[in-house]
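Notes to accompany the following structure.
The values are calculated or read from the model by the stated rules, or taken from the named source; none is laboratory data. What you are looking at is a predicted structure, and each value in this text was computed from that prediction instead of being measured. With ideal geometry, Cβ positions are generated from the backbone for all residues, glycine too; neighbour counts draw on all protein chains shown.
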Amino acid sequence: MRTEIATLGEFGLIKRLTEGIKLENESSKYGVGDDAAVLSYPSEKEILVTTDLLMEGVHFDLTYVPLKHLGYKAAVVNFSDIYAMNGMPRQITVSLALSKRFSVEDMEELYAGIRLACQQYHVDVIGGDTSSSLTGLAISITCIGEADKDKVVYRNGAKDTDLICVSGDLGAAYMGLQLLEREKTVLKGEKDVQPDFTGKEYLLERQLKPEARKDIIEKLAAANIVPTSMMDISDGLSSELMHICTQSNTGCRVYEEHIPIDYQTAVMAEEFNMNLTTCAMNGGEDYELLFTVPIADHEKVSQMEGVRLIGHITKPELGCALITRDGQEFELKAQGWNPLKEEK
Ligand SMILES: [Mg+2]
């Protein structure tokens with residue numbers, strides 16, 4: 001079935017998409033339906049705000065990304081930025097610009113993904129806007145969250161001798177993207193064969209349906225650890241480490257042998273004839289957390305499931321370097337994915 005958006009109009013569309021939304025968070029006082037939403041946060045909290053704009057053809061390719069997954073991912077990457085401040089996401093607003101190619105049903109799919117993510121992470125959709133677009137789909141999500149005033153973690157707090165920790169594993173989302181790009185002609189229906197993703201499910205999941213590490217933030221709180229600095233890994237470990245070190249005025253040493261990599265990522269890198277460490281260091285879109293803790297927390301973090309120690313912070317004059325398995329030192333370079341840099 002295909003219902004043209006014009007048959008509902010803008011208000012009709014918003015009404016259809018936001019139907020049945022129940023506000024779950026205490027701080028969400030009033031959601032969709034008036035000129036503005038109303039939020040009410042207790043005074044002992046800091047309020048965190050982050051926003052993200054995704055453009056079709058730049059950030060996503062609808063040839064292989066289902067709209068529901070796109071909605072889910074668009075929401076989750078915003079939550080990830082709030083967790084990266086050691087906070088909890090509570091509300092989002094969703095703005096969409098869409099060309100005539102999209103139907104009401106398409107937008108329902110997209111919204112189903114957004115709403116699923118919100119349900120999963122206990123976040124309320126409190127508003128948004130829709131507009132027509134001349135070229136494809138644009139999605140902008142703004143996320144609002146909260147953190148205890150003394151627990152907000154910035155990028156600039158890393159200190160010499162701090163330990164560098166990372167959650168999960170790295171490079172899988174990038175490998176998933178490579179795989180989807182390779183199968184693109186098949187997925188477009190240009191070839192009469194089925195793409196074979198057997199044994200590579202994890203890579204696809206990491207690319208198409210990433211999760212934000214709420215669990216790590218909860219574990220850190222339970223262990224009474226406040227990281228000295230933290231970021232989520234969206235552009236690649238190298239690039240994020242350099243952000244932390246630049247903003248904290250430090251250097252760092254990370255060890256190749258400690259970088260967490262999944263087996264499927266390794267197999268795929270070999271198949272593509274790519275350097276595995278480069279993929280893990282620069283791949284991006286992992287949405288894992290990178291954080292530093294004082295050396296006194298060594299015992300606590302080393303016992304934490306899903307967290308790996310990968311190196312330590314140094315004085316700034318030592319620069320940022322990767323130590324390879326055979327003991328060589330390579331200066332870190334940010335080759336992170338950056339669409340603004342790519343277009344020359
Ligand atoms: Mg971030």
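Numbers at a glance
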item: Qualifying residue in the range 245-253 (condition: within 16 Å of the ligand (Cβ to nearest atom), under 20 Å from Asn78 (Cβ atoms), outside any strand (DSSP E or B) and among the polar types (S, T, N, Q)); result: no
item: Any strands (runs of 3 or more DSSP E) falling wholly within the range 9-105 and containing at least 2 residues that are more than 16 Å from the ligand (Cβ to nearest atom) and hydrophobic (A, V, I, L, M, F, W, C); result: 45-55, 88-98
item: Test: residue in the range 325-333 that is modelled with pLDDT under 95 and within 25 Å of the chain's Cα centre (by Cα); result: yes
item: Count of the range 262-283 residues which are among the polar types (S, T, N, Q) and over 22 Å from the mean Cα position of the chain (by Cα); result: 2
item: Segments classed as strands (runs of 3 or more DSSP E), wholly inside the range 257-325, with at least 3 members that are farther than 21 Å from Met85 by Cβ; result: 307-314, 320-323
item: Residues (out of contact with any strand residue (DSSP E or B) (no Cβ under 6 Å at 6 or more places or on another chain), among the aliphatic types (A, V, I, L, M) and free of Cβ contacts under 8 Å to residues at least 40 places away in the same chain) located in the range 1-49; result: Ala6
item: Close pairs (7 angstrom Cβ cut-off, 6 or more residues apart or separate chains): farther than 17 Å from Gly128 by Cβ in the range 74-85, among the β-branched types (Val, Ile, Thr) and within 9 Å of the ligand (Cβ to nearest atom) anywhere; result: Asp81/Thr50; Ile82/Thr50
item: The range 292-307, subset touching a helix residue (DSSP H, G or I) at 6+ places or on another chain (Cβ under 9 Å) and within 14 Å of Ala158 (Cα to Cα), residue surrounded by the fewest Cβ atoms within 10 Å (Cβ to Cβ); result: Val293
item: When residues of the range 141-177 are limited to those that are polar (S, T, N, Q) and within 21 Å of the chain's Cα centre (by Cα), the one nearest to Leu276 (Cα to Cα); result: Ser167
